[in-house]
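Reading through the structure tokens given below for one structure.
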Amino acid sequence: MTQATALVTQVRHFVGLAAARALAADGVAVACQDASFTDAAARAGFEAEEPGLLALAAQTPAAMVAEAVDRLGGLSVVVGNEAFPAIRSPLGETRLEDVRAACEALVVDAVALVQAALPSLQ
């Protein structure tokens with residue numbers, strides 16, 4: 001049987017690290033994305049702190065999936081850990097730009113990730 005593989009996005013936010021650790025504890029090979037991983041030192045530091053978890057340099061959904069597939073040999077699971085700061089204002093004072101940004105981060109980015117991953121999922 002082939003080892004299960006996973007991609008966890010925004011690993012340093014919300015439930016990302018807990019999800020990555022839980023998957024790894026179950027024997028899943030895990031590739032992780034975080035905005036800070038554009039820096040090689042940040043990737044190396046993460047991998048030193050979290051043995052067994054791989055840090056990806058890629059940041060766009062298609063590039064994340066491609067790098068994960070390249071490094072893991074395939075993809076079985078995707079954890080789209082979309083996180084965005086809560087809008088904390090009365091509805092009448094909420095800026096539509098903030099709502100659009102939240103929808104982009106929480107909905108559009110999630111759909112883009114799934115679309116990118118679908119061809120690779122085993």
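Below is a table of values for the structure above.
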read-out	value
Distant-in-sequence amide H partners of residue 75 (H built 1.01 Å from N, under 5 Å)	122
Nearest-0.05 FRET efficiency for residue 104 and residue 42, computed from C-beta distance (R0 22 Å)	0.35
On Cα atoms only, tilt of 16-25 relative to the major axis of the chain in degrees	20
Most to least packed among 104-114, 55-65 [average Cβ atoms within 10 Å]	55-65, 104-114
Under the Karplus curve 6.51 cos²θ - 1.76 cosθ + 1.60, θ = phi - 60°, whole-Hz ³J(HN,Hα) for segment 54-62, x wherever Gly or Pro sits	9, 9, 9, 7, 4, 10, 8, x, 4
Listed residues 64, 103, 51: farthest to the positive end of the dipole of segment 5-120 (Cβ charges)	103
Mean ellipticity per residue at 222 nm, deg cm²/dmol - from DSSP H runs of n ≥ 4 across the chain, formula -39500 (n - 2.57)	-11500 deg cm²/dmol
Rounded to the nearest 20 debye, dipole of the chain from Cβ charges on Lys, Arg, Asp, Glu	120
Added length on full extension, which subtracts the Cα-Cα distance from 0.36 nm per residue, residue 63 to residue 3	19.4 nm
Karplus (6.51, -1.76, 1.60) ³J(HN,Hα), θ = phi - 60°, over segment 98-111, in Hz, Gly and Pro reported as x	5, 5, 4, 5, 5, 5, 4, 6, 8, 10, 4, 4, 5, 5
Acute angle (nearest 10 degrees) that the helix 40-49 long axis makes with the longest principal axis of the chain, alpha-carbon atoms	70
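Quick note: the coordinates plus some simple rules give every number you see, no bench work behind them. Quick caveat: nothing in here was measured; it's all calculated off a predicted structure. Every residue, glycine among them, receives a Cβ derived from its backbone with ideal geometry; neighbour counts consider all protein chains shown.
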